[in-house]
Amino acid sequence: MKLMDFIVAEAIVPEVAATDRDGALRELASALAKAEALPASAVDEIVAALVKREQNGSTGFGKGIAVPHVKHPMVKRMAGTIGRSVAGLDFAALDHQPVFTVFLLLSPENQPQQHLQAMNIVFSNLQKDMFRRFLRQSATRAAIVDLLQEADQRP
Amino acid sequence: MSTASRDIIVSNSLGLHARPAMQFVDLANQFRSQVTVSKGGEEPYSADGKSVMQMIILAATQGTPLRILADGDDADVAVEKLARLFEEKFGED
C-alpha cells in the first residue's frame with residue numbers, strides 16, 4: 001500500500017485555520033467531504049467520533065505529529081488527508097508538545113487489515129526525521145503531494 | 001541481566017491497532033528491561049516495545065505470530081505480563 005492510495009490530494013490543508021484540536025478535526029473532515037471522499041452528511045458524526053477517540057487516548061504520538069483515526073460505518077472507502085498547523089495545536093500529545101502535522105485517517109468498519117496497513121505506511125514514514133521535517137516545511141498542497149509521492153517511490 | 005522470550009499469536013479481531021499498541025507500551029514502560037516485539041514472515045520487523053510508533057508499524061493482524069523478547073533484570077515478569085495482554089485480547093472481542 002502507498003500513501004497516495006488513500007491520501008486525498010484535494011483534501012490536503014496546507015495551513016489549518018483552526019487553533020484547537022476539535023476545530024482542526026472538523027476542518028480536515030470537511031475538506032474530505034468537499035473532495036467527495038466522504039458524504040457531507042457524515043461530517044458531524046465523523047468529527048464526534050474522532051473527538052471521542054482523542055478523549056479516550058490522544059493520537060498525538062509525539063514529535064509534533066498526530067494521527068487521528070476512526071473506523072466508521074459511514075465511511076465506505078478508506079480516505080486520509082493531512083493538515084499543517086504553523087502555530088501548533090494542543091492534542092494532549094504523549095510528549096506534551098504541540099502538534100504541527102495532522103494525519104487524518106478514516107476507515108470503513110469491517111476492514112481492520114486495510115486499516116493496519118495504512119497505519120503501517122503512515123508511521124513508517126512519520127518515523128523518519130527527514131520526512132517529518134519536510135512535511136512541516138511544505139507550505140503548499142503541491143509541495144506536500146510531491147513529498148508523499150517521493151516517499152511512495154522509496155522501497 | 002537476563003533475557004526472556006515468549007511466542008504469542010495476535011488473537012483479537014482488530015489486530016494490534018493503536019489502542020492495544022499504546023496499552024502494550026504503557027505496560028512495557030513499567031519495566032526496566034528492554035522490550036522488543038518481532039514479526040517474521042515476508043515483511044520482518046522488530047519493534048521497540050516501548051515505542052508506540054514502532055509497535056503500530058508492526059501492523060500485526062489477527063493470527064500474526066509475534067515474539068516478545070525482554071532483556072534486563074525483570075525480563076521474566078515483563079514477558080509474562082506483556083504476553084497476558086495478548087492472551088486477554090486487550091479487553092476486546
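The values are calculated or read from the model by the stated rules, or taken from the named source; none is laboratory data. All figures in this text were calculated on a predicted structure; none of them were measured in a lab. Every residue, glycine among them, receives a Cβ derived from its backbone with ideal geometry; neighbour counts consider all protein chains shown.
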statement: Scanning the stretch B:34-76 residue by residue, those more than 13 Å from every other protein chain (Cβ to nearest Cβ), of a type in the set (D, E, K, R), touching a strand residue (DSSP E or B) at 6+ places or on another chain (Cβ under 8 Å) and part of a loop (DSSP other than H, G, I, E, B) turn out to be none
field: Residue tally, condition surrounded by 17 or more Cβ atoms within 10 Å (Cβ to Cβ) and assigned to a strand (DSSP E or B), over the stretch B:8-33
entry: 1
task: Those residues that are surrounded by 15 or more Cβ atoms within 10 Å (Cβ to Cβ) and touching a Pro at 6+ places or on another chain (Cβ under 6 Å), I need them from the stretch A:90-117; list them, please.
output: A:Leu104
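Got at least one residue in the stretch B:63-71 being surrounded by 14 or more Cβ atoms within 10 Å (Cβ to Cβ) and closer than 20 Å to A:Phe123 by Cα? Quick ask: steps written out before the conclusion?
Going residue by residue through the stretch B:63-71, those that are surrounded by 14 or more Cβ atoms within 10 Å (Cβ to Cβ) are B:64, B:66-71.
With the extra rule that they be closer than 20 Å to A:Phe123 by Cα, the set shrinks to B:64, B:66.
Yes, the conditions are met somewhere in the stretch B:63-71.
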task: Of all residues in the stretch A:1-36, count the ones that are in contact (Cβ under 8 Å) with a residue 60 or more places away in the chain and part of a loop (DSSP other than H, G, I, E, B).
output: 10
- prompt: Mind checking which residues of the stretch A:126-155 are in contact (Cβ under 8 Å) with a residue 60 or more places away in the chain and either on the phi > 0 side of the Ramachandran plot or within 10 Å of chain B (Cβ to nearest Cβ) (or both)?
  reply: A:Leu126
field: Residues (at pLDDT 95 or above, of a type in the set (Gly, Ala, Ser), farther than 13 Å from A:Val8 by Cβ and surrounded by fewer than 19 Cβ atoms within 10 Å (Cβ to Cβ)) located in the stretch A:29-57
entry: A:Ala40, A:Ser41, A:Ala48
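Do you know which of the residues in the stretch B:34-50 that are surrounded by fewer than 21 Cβ atoms within 10 Å (Cβ to Cβ) and either within 16 Å of B:Phe90 (Cβ to Cβ) or touching a helix residue (DSSP H, G or I) at 6+ places or on another chain (Cβ under 7 Å) (or both) is modelled with the lowest pLDDT? Spell out how you get there, then give the answer.
First, pick out the residues of the stretch B:34-50 that are surrounded by fewer than 21 Cβ atoms within 10 Å (Cβ to Cβ): B:34, B:36, B:38-46, B:48, B:50.
Restricting the remaining residues to those that are either within 16 Å of B:Phe90 (Cβ to Cβ) or touching a helix residue (DSSP H, G or I) at 6+ places or on another chain (Cβ under 7 Å) (or both) gives B:45, B:48, B:50.
Details: B:Tyr45: 94, B:Asp48: 98, B:Lys50: 97.
My answer is B:Tyr45.
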field: Options A:Gly60, A:Gly88; residue that is away from every other protein chain (no Cβ under 14 Å) and free of Cβ contacts under 8 Å to residues at least 60 places away in the same chain
entry: A:Gly88
- request: Can you confirm whether the stretch A:104-122 contains a residue that is within 14 Å of chain B (Cβ to nearest Cβ), under 15 Å from A:Gly64 (Cβ atoms) and free of Cβ contacts under 8 Å to residues at least 40 places away in the same chain?
  value: no
